[in-house]
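The values are calculated or read from the model by the stated rules, or taken from the named source; none is laboratory data. These numbers were taken from a predicted model, which means no experiment stands behind them. Here the Cβ positions follow ideal geometry from the backbone for every residue, glycine too, while neighbour counts run over all protein chains shown.
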Amino acid sequence: MTQDFNLNGQPVGQPMPQWKMASLPEALTLNGHYCRLERVNVDQHGKDLYETLYASVDQQEWTYLLHEPAADEKSFMSWLREISQSHDPVFYTIVATDTVKAVGLASYLRINPEHGVIEVGHLHFSPLLQKTAAATEAMYLMMKYAFEQLGYRRYEWKCDSLNAPSRKAALRLGFTFEGIFRQALVYKGRNRDTAWFSMLDGEWPELKKAFEQWLNPDNFNSEGQQLQKLQAARC
């Protein structure tokens, strides 16, 4: 970490005279090859999301999410309408390009333009999205928008420290593990120690190159299986 010294000879952080506040996420569409992200719209996305996220999903998908699944379709639509109007978190629907079907949700949260910090979270990936190129591309599109258009300098990922798949996903995507915040939350009547991960704007150019190399259609065979792993593209 680069440091400077003040007039008292004390070490202080590097000056940032060119720093400008980041911007808030807007209601626009983020377009990719395998998917696109749109602000949540109950009329456009509700039916698909209920079918993909609720009607056909095993309960274990909800273990580490902060809330339980809706009791029925009416409750789900009410919840979806509520989050569609939220400004923090800001929710986006992930729409698969090939089927034009809504297959997941993702959000920006803990949005702090003044300090240039933003988090990605509340990820709801249906079985139709999990372990697909579209799932990785959705995360890439959100990173790219945050760093390149909105001007954030720190991009965060947090999860229950016991959520091994989420921790593995963060590392695969290029986040750096920063540690465990002990007894950070109480949710669903139980303790949560939170694992923190981050990605910085200075790291983004190299990470971006790896994502684009991995997402290239030439990296997949006729069955849609990857030829090169994302981690290998960063080497």
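For Gly189, the conditions (1) surrounded by fewer than 17 Cβ atoms within 10 Å (Cβ to Cβ); (2) closer than 29 Å to Met21 by Cα are fulfilled apart from (2). For Arg81, the conditions (1) in a strand (DSSP E or B); (2) touching a helix residue (DSSP H, G or I) at 6+ places or on another chain (Cβ under 7 Å); (3) loosely packed, with under 15 Cβ neighbours inside 10 Å are fulfilled apart from (1). Here the strands (runs of 3 or more DSSP E) wholly within segment 1-78 that include at least 2 residues being surrounded by 11 or more Cβ atoms within 10 Å (Cβ to Cβ) and not aromatic (Phe, Trp, Tyr) are 35-39. Scanning segment 123-143 for residues that are out of contact with any Gly (no Cβ under 9 Å at 6 or more places or on another chain) and surrounded by fewer than 19 Cβ atoms within 10 Å (Cβ to Cβ), we see that the one that is nearest to Gly13 (Cα to Cα) is Lys131.
Contact map, segment 218-229: residues that are at positive phi paired with residues that are of a type outside the set (Phe, Trp, Tyr) and surrounded by 11 or more Cβ atoms within 10 Å (Cβ to Cβ), Cβ distance under 8 Å, separation 6+ or inter-chain. Pairs shown: Gly224/Thr132; Gly224/Ala133. Take segment 91-126 and flag every residue that is among the acidic types (Asp, Glu) and closer than 14 Å to Ala22 by Cα. Across segment 91-126, the qualifying residues are Glu114, Glu119. Selection of segment 138-150 for residues being of a type outside the set (Ser, Thr, Tyr) and either within 19 Å of Phe197 (Cα to Cα) or under 9 Å from the mean Cα position of the chain (by Cα) (or both) yields Ala138, Met139, Leu141, Met142, Met143, Lys144, Ala146, Phe147. Scan segment 72-94 and tell me whether some residue there is farther than 26 Å from Arg153 by Cβ, in contact (Cβ under 8 Å) with a residue 60 or more places away in the chain and not polar (S, T, N, Q). Checked against the condition, which is being farther than 26 Å from Arg153 by Cβ, in contact (Cβ under 8 Å) with a residue 60 or more places away in the chain and not polar (S, T, N, Q), segment 72-94 yields no hits at all.
Among the residues of segment 102-109, not a single one is surrounded by fewer than 16 Cβ atoms within 10 Å (Cβ to Cβ), of a type outside the set (Phe, Trp, Tyr) and at pLDDT 95 or above. Do you know which residues across segment 195-217 are touching a residue at least 40 places away in the same chain (Cβ under 8 Å) and of a type in the set (A, V, I, L, M, F, W, C)? Across segment 195-217, the qualifying residues are Trp196, Phe197, Met199, Leu200, Trp204, Leu207, Phe211, Trp214, Leu215.
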